[in-house]
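Below is one structure, written out as structure tokens; the observations come after it.
The values are calculated or read from the model by the stated rules, or taken from the named source; none is laboratory data. Only a predicted model underlies this, so the values are computations on that prediction, with no experimental measurement involved. Counting neighbours? That spans all protein chains shown, and the Cβs are built from the backbone with ideal geometry, glycine included. Ligands, DNA and RNA are stripped out before the accessible areas are found, and what is left, the full protein with its side chains, is counted by its heavy atoms. Shrake-Rupley method; radii C 1.70, N 1.55, O 1.52, S 1.80 Å.
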Amino acid sequence: MENNDLCQIGLLGIVICVVFLSGCITSPDVNQNSQDLDQIFSQNGLTFNYPNGWFNVTNDSVKANGYSPYVMGVFNSPNNVNLQVSQHNLSSSANITIEGLKDSTLEGIKNNTNNSAKLISDSKTTINGNVIYEINYTEKNLGFFLFIIPFVDEYKSLLVITGKDRQVYVMHFHAQTSTFDKNREIIDKIVGTIKIQ
């Protein structure tokens, strides 16, 4: 009798795992586009607004590495859009400019050795009086389901590069392609609030 009960419990556990892993049960889709940008990030001369549902998960060990780039903030949204904000001090590099940093980043994407990254767009605009460079690209990452079945996930990123007085700020938005596309409107709204002091 005990073996039969254990078998039934084990079988039930396997069915539950298969249901969750197969995607038959999903969490509700939170519409980030309907949220107001009511939170303010302001540090080291960079200010921008972001939605209340986005959590700043930065801790002191991330920020205190002492190297350039300096990680100012790491944010996660309820829809799994990630944002990393970093600061690069170009004072010690007399030959590097903000545009030069953007150009070297572009070259790295175009010349990646495993061809996993593909450039979508490269643009320059002005927001609140500051020059903003935007680099949008996709990247494929290999993963394994249950540690044995290989699969490829495609991610989309937007690098926003701006700065003033030899200080460069990089905002890196990153998510699976479908998630990124669903949240592009809110990403653009966040970028539209950037101010540099």
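Numerical summary
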quantity	calculated
Hits in the range 150-197 - residues which are open to solvent by 40 Å² or more (accessible area, probe 1.4 Å) and aromatic (Phe, Trp, Tyr)	151, 155
Breaking point among (1) part of a strand (DSSP E or B); (2) among the small types (Gly, Ala, Ser); (3) modelled with pLDDT of 90 or more; (4) in contact with an Asp or Glu (Cβ under 9 Å, 6 or more places away or on another chain), for residue 178	(1)
Candidate set from the range 77-103 (those that are among the small types (Gly, Ala, Ser) and modelled with pLDDT of 85 or more); member that is farthest from the chain's Cα centre (by Cα)	100
Lone unmet requirement of (1) within 13 Å of the chain's Cα centre (by Cα); (2) at pLDDT 95 or above for residue 193	(1)
Some residue of the range 148-155 being modelled with pLDDT of 90 or more and of a type in the set (D, E, K, R)	no
Cβ pairs under 9 Å, 6+ apart, first in the range 175-189 and farther than 22 Å from residue 39 by Cα, second among the aliphatic types (A, V, I, L, M) and open to solvent by 70 Å² or more (accessible area, probe 1.4 Å)	none
